[in-house]
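Trainee: Dropping the structure in here first, questions after.
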Amino acid sequence: MMKKILLFIKSKLFLFGAAGVFIGLLFSLAMYEGLHRTSDDKFCIVCHEMAPMVAAYHNDVHGGAGKTGIKVTCVTCHLPHDNVLAYIATKARNGVVEGAIHFFGNPDAIDWHANRANKEHFVEDEGCIGCHTNYKTNTNISAKGLKMHAHYESLKNTDKKIGCASCHAEVGHHGLKSMLNYYKPEYPYYNGKLDKQKEEVEKKLSETLK
Amino acid sequence: MRSKKTLFSIGVFLLLSAMSLIGSEAATPSPAKEIPISAEMKEKFPIKAHHAKLSLKCTDCHENQGDNPENFKLIGDEGCLSCHKSKVYLAERLKFMDTLHVNPHNSIHDGPKLYCDECHFEHQKSDNMCLSCHSNDVKLWMRETP
Amino acid sequence: MSKEMMSRRDALKLGVLGAGAAMLSASQAMAAAPTEKDVKFDEEYDVIVVGSGFAGLAAASKAAERGLKVLILEKMGRVGGNSVINGGAFAVPNNRDQKQFGIEDSAELFIKDALKAGLGINHVEMLEVIGKRAQETYDFAVKCGATFQAGKKPTWFGGHSVARTIVTSNMSGSAIIQPMAAFVEKLPGCKLMTRTKFDDFVMSADGTSVVGVTARTNYRFDNKLLSDDVENKSGEKKVYRAKKGVILASGGFSMDKVYRQLQDPRIIPTQDATNHEGATAGAMLKAFQIGALPVHIDWIQQGPWASPDERGFGVAPLLTQQGLFVKGVAVDVRNGKRFMNEMADRKTRADAEYVILHQDPKAFPVAIGTYNTFDEQVYAAVEKGLASGVMKKFDTLDALAANYKIPADALKETIKKYNEDAKNGVEDQFKKQSLKDVKGKEAIEMKGPFYGIRLMPKPHHTMGGLKINVKAQVISANTNKPIPGLYAAGEVTGGTHGASRLGSCAIADCLVFGMVAGENI
Ligand SMILES: Cc1cc2nc3c(=O)[nH]c(=O)nc-3n(C[C@H](O)[C@H](O)[C@H](O)COP(=O)(O)OP(=O)(O)OC[C@H]3O[C@@H](n4cnc5c(N)ncnc54)[C@H](O)[C@@H]3O)c2cc1C
């Protein structure tokens, strides 16, 4: 009996193999789709308190504002890419934490402006380097830029390590500081005086995210 | 005939690639070398926290000024802007302040045209120029000049 | 604490310092302007303008428009001196907006007003040029890109018998300065150099005419020095030839700690002023050295609308001149009574305030009004004044009186009388001219809220300077004739406004005579 089955399988090896591959592909497609659909601004903003960040992202070359219209998803820069498991784990943890803050916590208490002092902690450098592979040699970068990138390199793996965002302060989010201020002014003097700007941003945002 | 043409193009291609290689090679600098600096000098010329955080060295700013700190000169706008891009760019980053006409990088009086070191000093306390006429308002409009 | 005592001590210090400096540099003290034989020119231009304020840029714009190659030298890092921090109020006698709003005006009326404020010592021929050419000059400024709040009812400034002042689009002289600087810089062969200090004139070989200047590039003004002009040695020396001549437009000297105190010993070095730090006398003194005639040097105008509660010019001058002073009152805090015509000329008002402050240096008078006293043009500044604490807002007069320690009943009585007179069209005790407008109405609306600003005069405009003729040529004391190759315009010149300049007439003066210099050179 066993033998028969084996034989059967053997005779239809190709078919089985194909089925296996197919199922595997289907799985990864689902996985891929799952991860993919949960990777862009439209998904992330459901839980994350990030309207101004998304608005600023839409004004940035990384958010489709460039000539090519290329868009980099949130997770490209904001989640680790060194291995899939870490990626999924971070994603899941973030999801739970942010969801909890969104639904049960007090998002207003988040001090965006203060958090920007640690901006490099919110950006995964591998994400940047994944595209900007030649950041150390690209001749379109100014001499000073290349020198600073070499400086960055020399600090890697030391306790003085810096991140891409340490210098590229608003990377990925063009006009971030202003955008954050439209939502939550840094100085009380501006309270209530930037509402018109905020309204405009909200309007545009709801259109783009439709 | 045809093969000659192909050969020629391949030759040109290879040459160009080689050139580009040399080009990019030359453009890959090594980080500025650390120059010895006495504790006394360090105290005399402290640097701003946001620059210290990046572990910048004297020669990152004082480029091509030799390696004797005693001879270092002001780096001027050009020096600052080699990292900070342009005055218009810096003004744009504080765009929300334009709403109330208090953007220090795009003031009503001067636009994005002031010298950096009219207000910002790396080795001593910065001095907000707006204060000379707006002594009371500046603290409402913006933080202390970094 | 008596100001006089302090001033004497400081004067003494100044004397000692002066003596020391003189001993150190006896040779420098003798230095005369170099001649073209002594120098090698680094660059050559048709016209060299010293200073980038209204006068300098109007002169440069006009000359450049005529096709001349112009170099503007500015010692500060920023362009525009006092002009770029100025309040943007430009008196244009007999202007189009006046006609639109049915305000009758004429050049003659303007001259009459100016003479009254100037105590009759004005050089009338200069006022005539302003009266005649202000509207044309305004149009020229607009052509160069300047922007104004045109089409609105003109603003009424103290000492003017009618409203004739037009305000720039952003309530600052920068709405004239920035576009004008860009206008000149765009024209071929023209250049504006900041942090470049004019040091001296270069004379023709026979010593009679001006043919160029010596200057220093990469100059850094140092506000910590008592006299930047004398002590500052920064920068690299350059010599420029001016084929057609030099236009001196270096502004006034309200911030010259040494020179202003020599003219008026009450103005001690630490005294705050409304001016930019670079408003010093050095360039003007160089012109005197080559023979220029000085006029009215010791008439230093102090701004009666400034506040001790902020540094420099600040916001108080806008909120008083175009607000509280027009329909509101200023009172002596000790008795709650008015003590001046709030719309008189500056000298009359500053003197009246000084009478109080000399009796009690802490008894800063208070300007009081309601929201309806503010001109539409300054609404934006109202909130700034409140937020910065320079102006305070009160629901009742009692609260206001309590805050400034004014006897409340006396204050209420003052305002009641003031309002009644205005309503009935009765001329008040100080003959305030702007009350004609509120006949039949409440001048200060009693429903409040009430606003208050403490007052203290600050040095603002130096009336005196070089004597120029109606072609903006500088007159020599040696010949009583123009010095060939030397023109001047703006606050560095003297005589035009006599003892005291009316508000918003400096822009008129500087732009008109700047333009005249640019035409004639
Ligand atoms: C705060 C303030 C508000 C005012 N508001 C009004 C107003 O609303 N309406 C009105 O009519 N008037 C007003 N005035 C007066 C008026 O602004 C000035 O009288 C006028 O700006 C003078 O113009 P100017 O071109 O003669 O001199 P400035 O504008 O002062 O320009 C002279 C320039 O010459 C430069 N300079 C001096 N010496 C040298 C040198 N050796 N080498 C190179 N450069 C030199 C100075 O740095 C300065 O930039 C105001 C003044 C102040 C201070």
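Here, each number is a calculation from the coordinates, and none is a lab measurement. Quantities reported herein were computed from a predicted structural model and do not represent experimental measurements. Cβ sites come from the backbone with ideal geometry, for glycine too, and all protein chains shown count toward neighbours.
Trainee: How large is the Kirkwood hydrodynamic radius of the protein assembly as shown, in angstrom, based on all distinct alpha carbon pairs?
Mentor: This gives a value of 31.8 Å.
Trainee: Distances over 41 Å make up what percent of all Cα-Cα pairs in chain C?
Mentor: Counting every Cα pair in chain C, those more than 41 Å apart make up 21 percent.
Trainee: Dividing the Cα convex hull volume of the range C:393-452 by residue count, how many Å³ per residue is that?
Mentor: Normalising the Cα hull of the range C:393-452 by residue number yields 84 Å³.
Trainee: For the range C:188-276: lysine pairs with Cα atoms under 17 Å, gap of 8 or more or different chains, count?
Mentor: Here the count comes out as 8.
Trainee: Among the DSSP beta bridges whose two residues both lie in chain C, what percent are antiparallel, rounded to the nearest 5? Could you put the intermediate results ahead of the total?
Mentor: On the way: 41 of 60 bridges.
Restricted to chain C, the bridges split so that about 70 percent are antiparallel.
Trainee: Going Cα to Cα from C:K132, which aspartates and glutamates come in below 14 Å? Please leave out same-chain ones fewer than 8 positions away.
Mentor: In chain and number order, the partners are C:D105, C:E108, C:D509.
Trainee: With only alpha-carbon pairs counted, each pair once and no self-pairs, how large is the Kirkwood hydrodynamic radius of the range C:305-456 in angstroms?
Mentor: Roughly 15.1 Å, rounded to one decimal.
Trainee: Where does the protein assembly as shown land at 222 nm, in deg cm²/dmol rounded to the nearest 500, when only DSSP H runs of n ≥ 4 count, each adding -39500 (n - 2.57), divided by all residues?
Mentor: The per-residue figure over the protein assembly as shown is -12000 deg cm²/dmol.
Trainee: Right, here's the next one. Where in the range A:93-138 are there chymotrypsin sites (Phe, Trp or Tyr not before Pro) that are in a DSSP coil and have at most 14 other Cβ atoms within 10 angstrom of their Cβ?
Mentor: Those that pass, being in a loop and sparsely packed, are A:F104.
Trainee: Count the DSSP beta bridges whose two residues both fall in the protein assembly as shown, then state the antiparallel fraction as a percent rounded to the nearest 5.
Mentor: 70 percent
Trainee: Continuing with the same structure: How about C:K423: which lysines have a C-alpha closer than 25 Å to its C-alpha, ignoring those fewer than 8 places off in the same chain?
Mentor: The qualifying lysines are C:K153, C:K327, C:K337, C:K393, C:K412, C:K431, C:K432, C:K436, C:K439, C:K441, C:K447.
Trainee: Given R₀ = 30 Å, what would the calculated FRET efficiency be for B:D77 paired with A:H168, taking r from the Cβ atoms and rounding to 0.05? It would help to have the intermediate numbers written out before the result.
Mentor: Numbers: r = 21 Å, r/R0 = 0.70.
So the FRET efficiency works out to roughly 0.90.
Trainee: Still on this model: Any idea what log10 I(q)/I(0) is at q = 0.12, 0.14 Å⁻¹ for chain A, Debye with uniform C-alpha scatterers and no solvent?
Mentor: The calculated log intensity ratios at q = 0.12, 0.14 Å⁻¹ are -0.78, -0.99.
Trainee: Same structure again: Which FRET efficiency value, to the nearest 0.05, is calculated for A:D82 and A:K42 with the Förster distance at 22 angstrom and r the Cβ-Cβ distance?
Mentor: E(calc), rounded to 0.05, equals 0.25.
Trainee: Using a Förster distance of 45 Å, how high is the FRET efficiency between C:A32 and C:S169, based on the Cβ-Cβ distance and rounded to 0.05?
Mentor: Working: r = 46 Å, r/R0 = 1.03.
That gives a FRET efficiency of 0.45.
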